[in-house]
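Asks: Once you've had a glance at the structure underneath, I'll fire off some questions.
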Amino acid sequence: MSHPNFLRDVEWFIQNRPDLVGNACYAIGNGDKRYVLSIADPNQFKRLLRRIWDPDEFLSAHGIRSLSQYHHEHPFRFGDRSLGFEPGEAEVKLKAGNSTWRGPVWFPTSYLLIPSFLQLIGRWVRPPRYGDATEEDMLETAGLERARGLIAALPNDKDNLVITVVVRQRFPKMRIVARSAD
C-alpha cells in the first residue's frame, strides 16, 4: 500500500525541520530509498542490542527479561521510590505479590521485541535473504559466520529446532533465541 502524502511529508520534515526529526526518522539505501521511523538510531540500537544479548542484563536461558538483572543489585530509584529485579515473590505486595512481570521472562516482552528487531536489523544491516533457513547454505548466504547471535522465529517449531541444531553445531558459542509455539 502506498502513502504518497505521508512520504512527501516525511521527506519535507527530514529536509526542512531536522531539529524536530532528530534521529527518529531518516532515509537509508542506495537507489531504493527506504525510511526508518525509530526512537533509536543505528548506533543506539547496537548499544541496546549489546545489553539485550548480555546474560547479566536482559538475556536469560528462557527469553528476554522484562527488566535487567542488573537491577537486582542496583534498584532503579526515582525520588523516594525504587524498582528492583525480584525473581519469584515480591518483597512488596504490589501486583498481588508476584514480581515475575518485573524480573524473569515475561512472554509479551520477547513476543514484541523479536519481530521488531528482525525488521530493524534487516533495514540497517543488509537486505533480507529469502530461502529455506533450514538449509545450511542459506545460513551462509545470510552471513551467519559474521553474526554474534541468531533469532529463529519461523512459524514451525520443527524448523526452528533444525536451525538451532545446525547453527549450534557450526557455531557452538553463537547466542540463539528460538521461538516456540508449543
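The values are calculated or read from the model by the stated rules, or taken from the named source; none is laboratory data. Keep in mind it's a predicted model, so treat the numbers as computed, not measured. Don't worry about glycine lacking a Cβ; one is built from the backbone with ideal geometry, like all the others, and counts go over all protein chains shown.
Asks: Looking at the range 151-169, which of its residues are surrounded by 13 or more Cβ atoms within 10 Å (Cβ to Cβ) and either in the same structural domain as TRP53 (by TED's automatic domain parsing) or modelled with pLDDT of 85 or more (or both)? It would help to see each step written out before you state the result.
Replies: Residues of the range 151-169 surrounded by 13 or more Cβ atoms within 10 Å (Cβ to Cβ): 151-154, 157, 159-164, 166-168.
Across the range 151-169, the qualifying residues are ASP157, ASP159, ASN160, LEU161, VAL162, ILE163, THR164, VAL166, VAL167, ARG168.
Asks: Mind checking whether some residue in the range 20-37 is modelled with pLDDT of 75 or more and farther than 30 Å from ALA147 by Cβ?
Replies: yes
Asks: Another question about this same structure. Which residue pairs have Cβ atoms closer than 6 Å, lie 6 or more positions apart in sequence or on different chains, and pair a first residue in the range 130-150 that is more than 18 Å from VAL177 (Cβ to Cβ) with a second residue that is surrounded by 13 or more Cβ atoms within 10 Å (Cβ to Cβ) and β-branched (Val, Ile, Thr)?
Replies: GLU136/VAL166
Asks: In the range 159-173, what count of residues is obtained for those that are in a helix (DSSP H, G or I) and either over 20 Å from PRO115 (Cβ atoms) or among the aromatic types (Phe, Trp, Tyr) (or both)?
Replies: Residues flagged as in a helix (DSSP H, G or I) and either over 20 Å from PRO115 (Cβ atoms) or among the aromatic types (Phe, Trp, Tyr) (or both) within the range 159-173 amount to 6.
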